[in-house]
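Following: one structure in structure tokens, then a few remarks.
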Amino acid sequence: MSGVLIHVLPAYGTGSATSMRLGPGENARFGRGSAARPVELVLPDPSVSRLAGEIRVTEDHWQLSNYSTTLSYLVENPEGAGEYLRIAPRRLGAPIPFEFARVVLPAQGSTVSFQVFAPDHVYLDPGDPAGARGTRTLPAYSLDETATYFLVLVALCEPRLRDASAVALPTTPQVVERLRAHPPLSRMTARAITAHIDYLAEQKLRVRGQRDASAKGGGARRTGKREAVVGVALRFGLVREEHLSLLPSRAPSSLPSSAVPGV
């Protein structure tokens, strides 16, 4: 298990998205924080308690504790069909089953939330369901082909899958636009795409990339990381041509001229 990646959008931070990684056995408290009650994950909303709760990572999942005495928190599955868990006040160590989750806290007039990318889920070997033949073989790369992060990975790989000579990788705005026609992702943001790429690089494929110093917008484009992610995915066949069918259909005008009938 590689731990969890916590991602806080800038609306609840100091002007930029922040990320935190926790390994097995580690924990992080969240809330507004104060000198007397410091927290690792700051949510500077005046309606959030100074010490609102805690995330703890175990060997194969993560747990959420709600320190509020009056308010419930929600843990949503953004990739499901509206599934969510309600974490009651004073609930300690509630196990969270979602691989990708959004923790939502009530606030004045709105909500405060942050995202948690969870550890790889563990499954029985299909050929040895009882584990009778010894220690279970762990997959080198555990990817869920139904998850949003996998669609992001396919979109990144698409140019080179369609044309091996392609050099440039899609930018974040291009990935957003490519996936927007997929109804569940119609409201996908650039920051969410960046979070999925970070998750792929740091947790799923375990690569390290260089920040592109020439990139604008605070260096949001991390071309080295994208190159590394796409390189691993294509070299090891984690993303193949048949996966292109998972992407939304392109408009005829966006296809190469050779692919348009009669051209």
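Values computed for the structure shown
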{"read-out": "Lone qualifier among 219, 231, 237 - being open to solvent by less than 20 Å² (accessible area, probe 1.4 Å), at pLDDT 90 or above and out of contact with any helix residue (DSSP H, G or I) (no Cβ under 7 Å at 6 or more places or on another chain)", "value": "231"}
{"read-out": "Residues of the stretch 162-181 classified as part of a loop (DSSP other than H, G, I, E, B) and either under 23 Å from residue 114 (Cα atoms) or of a type in the set (Ser, Thr, Tyr) (or both), total", "value": "3"}
{"read-out": "Whichever residue in the stretch 29-75 is more than 24 Å from residue 119 (Cβ to Cβ), touching a residue at least 60 places away in the same chain (Cβ under 8 Å) and surrounded by fewer than 21 Cβ atoms within 10 Å (Cβ to Cβ) and, among such residues, is nearest to the chain's Cα centre (by Cα)", "value": "45"}
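The values are calculated or read from the model by the stated rules, or taken from the named source; none is laboratory data. Note that the structure is predicted; figures quoted are calculated from it, not measured. Don't worry about glycine lacking a Cβ; one is built from the backbone with ideal geometry, like all the others, and counts go over all protein chains shown. Quick note on the areas: whole protein, heavy atoms, side chains included, nothing else; ligands and nucleic acids left out. Shrake-Rupley method; radii C 1.70, N 1.55, O 1.52, S 1.80 Å.
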